[in-house]
Amino acid sequence: MSDRIADPWGSRTPYGPPAVVERLAASLPGRLKDVLPGDLGRRSPWPVRVDTFLQEGIGEQDVDAWVQAASIMHSNGDAMDIAVKDGRIVGVRGRAGDRVNHGRLDPKDLYGWQANNSPDRLTRPLIRGCGGELVETDWDTAMNLIVAKSKELLDGPGGWGHFGFHTSGQLFLEEYYTLGVIGKAGIGTPHMDGNTRLCTATAAAALKASFGTDGQPGSYTDVDHCDAIALWGHNVAETQTVLWARMLDRRRGPRPPAMLAVDPRETPVAREADVHLAIRSGTNMALMNALIHVLIDKGWYDERYVRAHTLGFGELQRTVAECTPEWAAQICDVPVRLIEQAAELLGSCDRLLSTVLQGFYQSNQATAAACQVNNIHLLRGMLGRPGAGLYQMNGQPTAQNTREAGANGDLPGMRNWDNPEHIRRLAELWNVDPSVIPHWAPPTHAMQVFRYAEQGSIKLLWVSATNPAVSLPDLARIRRILAGDELFLVVQDLFLTETARFADVVLPAATWGEKQGTFTSVDRTVHLADKAVEPPGEARPDLDIFLDYARRMDFRDKDGAPLIKWHDPESAFEAWKACSAGRPCDYTGITYEKLRGESGVQWPCTPGAPRGTERLYTGGRFNTDPGYCETYGHDLLTGAEYSEEQYRAKEPGGRAFLQAAPYQPSPEVPGQEYPLLLTTGRTVYHFHTRTKTGRAPQLNDAAPEPWVELSPGDASAMGVSEGDTVRVESPRGALEARARVCGTRPGVVFVPFHYGYWDRDDSGPGDGTARAANELTITSWDPVSKQPLYKVAAVRVSKVAGADGALSAAPTVGAAAPHDPRVPRTAGGPAAEASEAFERPGDGGPGVQERSGLRRDPGDRERFTPRDRVPRRTEEE
């Protein structure tokens, strides 16, 4: 048994790259041969470890049924089976044969399902009564109220312009597609987006800008083959624990890959890395331009690949010509030698794997900086082969589906809103007039949707499966918008969240385990989640709610037939397949039956590639042809769209774009009044705004309240010690929480964003002491991706009260390590014990690490030496 609160990543199962393992295969016993690669890439040498957690008093022999699903509380896509006993979910078990996780589960997977059984689930619709209170009602009353308001707005002046939809990264593909058709062809509004704008919009923007369309080039199996890993603003140890476990297992095995981390905090990733660049927040672009400067200056790039498969090298070379490591070191406030070491690591490896997340996406020049990671892979010719992988990572489990299916600002099937032929074909598929589909201007991003609601032009806002009253920036402003008398607010959720308390109508939704559908992880792996149990009370699946709305609104196609022609998840999936045909995210070879196999399937999956597609761009041809691409591009500094004529003039011819931009300072920088930089982020124990994880005892106990991380130097200057209550203020608001003095760079303040007004006895939003990080953040966004900048707010910190012997409740696992030796290590105890079953004879737990001779303390390892630690590829490999 393993306490997976104390050790979120579980026991190590070291392994080496396939070439090494293949040579050892003949001498290894029994079932180990089963996990060796047959064809490199399809089968991984990563050993199986099946994680299981069941309700106390329940053994595997007591389970009535195991129902297949995958994770809904992070973006890794871990496959699992749901344990059902007497009609209730009683636990989960990882799926050994799945290509993503090989049986492993994240702590949020292991314990988060308990929220399904929470006694405060919404079970009946609520409407705002005459006295201003939310009162229970029946479905007909609630839906008729929404429909009456919808028809009133559609029939009045402005019509479609009065509707806004703000959705999630946690629904299923079938639900997103249905909502997308309702919004774009039924109502005809461009005002559709979701909280994926907060976490994954830059991933999509950077992929489109470099490669022509969305879609991750790499595969999770690239961890098995790489000889270097670069983590760009991505604390994968907390956000995707199973992916980090895979990286750790490679690092503990033969021929470990070198590792580079860019992060201002001393996270587990930073402590593990051979080179850690703790740069000043907001200076990512300066660092990236310097690294590319060195690669070009030293000749550490593949000139033949660049010439044959890319455009823009000359402009990139000119842009970075003066961006020396010395120049960047001054801006980023890191030693020159570390930038030079990082550049040599990138330039000397043969198989580089990069992963990017919020440290880049939510910071200054987000899209430009993320594109520079793409540039490194293009310069080195490191795409489309095992180990040369790239994940422009997602933060949420179904963020990829939101983008594919058109429930956000994109058109379904990764179509180009500015391409008339794409609009015509979509209109033909839906049998509507092309003029109905909004394409006369760029789609409306989430921050603009709320601005329109603030200004009064959006009069009906439908929020599904998300909590913007905690997740959006500058929360005082967001609360004023949601509380506006002219806004009719519909909230569709599991609980009475901070946002639901503002609603005019609250619809009780079913969730994962209570409904059926598919969702797609970061490396394009599609999983099916089957229904395991009935939802509580009168709660309904989101798909059923959307279908009911479409029926009551009587949306019709141009022949008078119902616009929505499907009636359940599988028929919705078949409709989506038709929409995806011929597009980058082609699902036409996938069926529900195929997804009930041992593992998920990667798109594109077609009759010509029935097993799916492991990696994109293997032949060096990209999706940049003008008739196929998803965008005609943007100016990275201003966000101005390029025209089709400008795009065609580049004659891309299937070549990728090397995107260039100079460094510019953040829109908000520290000054005399607000001298520190705030960066927000996550803890391994919580997801989004804790709607589920806050109701799982093991997760809530591990991180029950927010905290403020300060460097030892900053804390000493303020007279702050571990556990003291401090006040953090920005020009927009303030919060109070206990201090954690730990390893973060001087001048940086970290606050987790998960917490809002969580006291369930509160009479309404705004009661109690502010403790949401987004009270402080700025209403500013990247010019291209429109993703808000959560990492660069200027703040000041002051001591409010002494600790009186108390310590911060901040977890010690996953975060920067506390400096006070009195702080106990975070643990879950017996209530958090999960089992780990190994499918290698004789292996198990810490013993396998010790017997291997490969267990290492990261603090004792040798520092990175490029020529020793990153050996060149041999012909045999």
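What follows draws every value from the coordinates through simple rules; no lab data is involved. Worth saying up front: this structure is predicted, and the values here are computed from it rather than measured. As a convention, Cβ positions derive from the backbone with ideal geometry for all residues, glycine included, and neighbour counts pool all protein chains shown.
Annotation: peptides 437-446, 774-783, 811-820, ranked by per-residue average of other Cβ atoms within 10 Å with the highest first, follow the order 774-783, 811-820, 437-446. Could you let me know the centre-to-centre spacing of the stretch 696-757 and the stretch 68-109, using Cα atoms, in angstrom? That distance is 32 Å.
Relative contact order of the chain: 21 percent, from C-alpha pairs under 8 Å at least 6 residues apart in sequence. At 222 nm, what helix-only mean residue ellipticity would the chain give, in deg cm²/dmol to the nearest 500, using -39500 (n - 2.57) for each DSSP H run of four or more? Using -39500 (n - 2.57) per qualifying helix, the result is -7500 deg cm²/dmol. Neighbour counts of C-beta atoms inside 10 Å place L207, L171, L637 in the sequence L637, L207, L171, starting with the fewest. Working ranking of peptides 8-18, 592-602, 48-58, 196-206 by packing, defined as the average number of other Cβ atoms within 10 Å per residue, highest first, is 196-206, 8-18, 48-58, 592-602. In the distance distribution for the chain, Cα-Cα pairs more than 37 Å apart total 41 percent. Among DSSP beta bridges whose residues both lie in the chain, state the antiparallel percentage, nearest 5. So the antiparallel bridges in the chain amount to around 55 percent. Run the simple label-point estimate for R88 and A837 please: 7 Å along Cα→C-beta, distance reported in nm. Label at R88, label at A837, 2.4 nm between them. As a calculated quantity, the FRET efficiency between S643 and K565 at R0 = 41 Å, using C-beta atoms, amounts to about 0.70. Using every pair of separate Cα atoms, the Kirkwood estimate puts the hydrodynamic radius of the stretch 418-546 at 17.4 angstrom. Near F360: Cβ cut-off under 12 Å, other residues only, Lys/Arg at +1 and Asp/Glu at -1. The net charge is -1.
Sorted fewest first by neighbouring Cβ atoms within 10 angstrom, L390, L145 come out as L145, L390.
Contact order, relative form, for the stretch 566-720: 10 percent (alpha carbon pairs under 8 Å, 6 or more residues apart, mean separation divided by residue count). The mean of 1/r over all distinct Cα pairs in the stretch 676-811, once inverted, gives the Kirkwood hydrodynamic radius of 15.4 Å.
When peptides 494-504, 230-240, 129-139 are sorted by average Cβ neighbour count within 10 Å, with the highest value leading, the order is 230-240, 494-504, 129-139.
Summing charges over neighbours of G747, with a neighbour being any other residue whose Cβ is under 11 Å away from its Cβ, gives 0 when K and R count +1 and D and E count -1. Is the shape of the stretch 201-395 best called rounded, prolate or oblate, per the rule: a/c under 1.5 gives rounded, else a/b larger than b/c gives prolate, else oblate, with a ≥ b ≥ c the square roots of the Cα gyration tensor eigenvalues? Note, shape of the stretch 201-395 comes out rounded.
Can you tell me what share of the DSSP beta bridges in the stretch 652-807 is antiparallel? A percent to the nearest 5 is fine. Just about 60 percent of them are antiparallel.
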